[in-house]
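The values are calculated or read from the model by the stated rules, or taken from the named source; none is laboratory data. Predicted model, so just to flag it, every value in this text is computed and none were measured. Positions of Cβ are generated from backbone atoms using ideal geometry, with glycine treated the same way; all protein chains shown enter the neighbour counts. To get the accessible areas, we keep the full protein, side chains included, count just its heavy atoms, and leave off ligands, DNA and RNA. Shrake-Rupley method; radii C 1.70, N 1.55, O 1.52, S 1.80 Å.
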Amino acid sequence: MNTKVNGSTIEIALEGPISEKTALFELNIQNYKEIKLNMSKVTFINSIGVKNWILWTCRVPADAKLSLEECPFVIVNQVNIVHGFLPKNARVISFHAPFLCEDCSHEHVIKLSENVHYKYAGDQEGPSLHLPSENKCSRCSAVLEPDFIVEKTFGFIKK
Ligand SMILES: [Zn+2]
């Protein structure tokens, strides 16, 4: 785990599995207004990890912003499946999603970002989606299709 503090902002890069041994859960976060987690090197999360994670998010100060960047797809699944995985003041800024070539079945991973590919529901408007449609297979140049259930995966952008 790497941490970088800049005033009231802390940036934390997580690595490996989220489990009973994750150093993040020992970290004192009481004094920060912004907590940025980079999850690009997270491999998986086990059930104790989920439990500890939820306990940890409860310790995030109510007036602090929590953001998750470059989430692996397994984490986005947890966000959608586990009630309370993300507190109200948290956002998924970006995540890696599996795409599949419709011709040769070659698998690709595409990073999807907030305000580019999806928008959270606001006070006045509903959530919106702009999935990449121009991405071509690196092997055969056919169009890539999402290899996930779009409606389910983007459950988290609804209010
Ligand atoms: Zn292909």
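Would you mind checking 88/136; 111/136; 21/119 for any pair whose Cα atoms are more than 26 angstrom apart? Can you show the working numbers first?
On the way: 88/136 36 Å; 111/136 14 Å; 21/119 34 Å.
Those over the limit are 88/136; 21/119.
Length gain on complete extension for the stretch residue 151 to residue 21, per 0.36 nm per residue less the alpha carbon to alpha carbon distance? Don't skip to the answer; put the middle values down first.
Details: separation 130, 0.36 × 130 = 46.80 nm, distance 3.34 nm.
In short, 43.5 nm is gained.
Could you pull the accessible area for residue 8 with a 1.4 Å probe, rounded to 10 Å²?
Surface accessible to solvent at residue 8 totals approximately 50 Å².
Can you give me the C-alpha center-to-center distance between the stretch 27-47 and the stretch 70-109, rounded to a whole angstrom?
Between the Cα centre of the stretch 27-47 and that of the stretch 70-109, the gap is 16 Å.
Can you pull a Stokes-Einstein diffusion coefficient for the stretch 96-159 at 37 °C (0.692 mPa s), Rh from Kirkwood over Cα pairs, as a whole number of µm²/s?
Working: Rh = 12.6 Å.
The calculation lands on 260 µm²/s.
In nm, to one decimal, how far is the residue 40 label point from the residue 63 one, both placed 7 Å along Cα→Cβ?
3.3 nm
Net charge within 14 Å of residue 145 by Cβ-Cβ distance, Lys/Arg positive one each and Asp/Glu negative one each, not counting residue 145 itself? Provide the component values of the computation, followed by the final result.
Values: positive: 136; negative: 102, 103, 107, 134, 147.
Every neighbour counted, the sum reads -4.
How large is log10 of I(q)/I(0) for the stretch 13-79 at q = 0.17 Å⁻¹ when the intensity is taken from the Debye formula with one equal scatterer per alpha-carbon?
The calculated log intensity ratios at q = 0.17 Å⁻¹ are -0.57.
If we count every other residue with Cβ under 15 angstrom of residue 17's Cβ, Lys/Arg +1 and Asp/Glu -1, where does the sum land? Please report the intermediate quantities before stating the final value.
On the way: positive: 21, 41, 51; negative: 15, 20.
Net charge around residue 17: +1.
May I ask you to give the solvent-accessible area per residue for the chain, in square angstrom, as obtained with a 1.4 angstrom probe?
Working: 9170 Å² over 159 residues.
Ligands and nucleic acids excluded, the figure is 58 Å² per residue.
Probe radius 1.4 Å, ligands and nucleic acids ignored: give me the carbon and sulfur share of the accessible area of the stretch 68-154 as a rounded percent.
On the way: 2370 of 5030 Å².
So the carbon and sulfur contribution to the accessible surface is 47 percent.
Across the chain, what fraction of all alpha-carbon pairs, as a whole percent, falls in each successive 10 Å bin from zero upward?
10, 37, 33, 16, 4, 0
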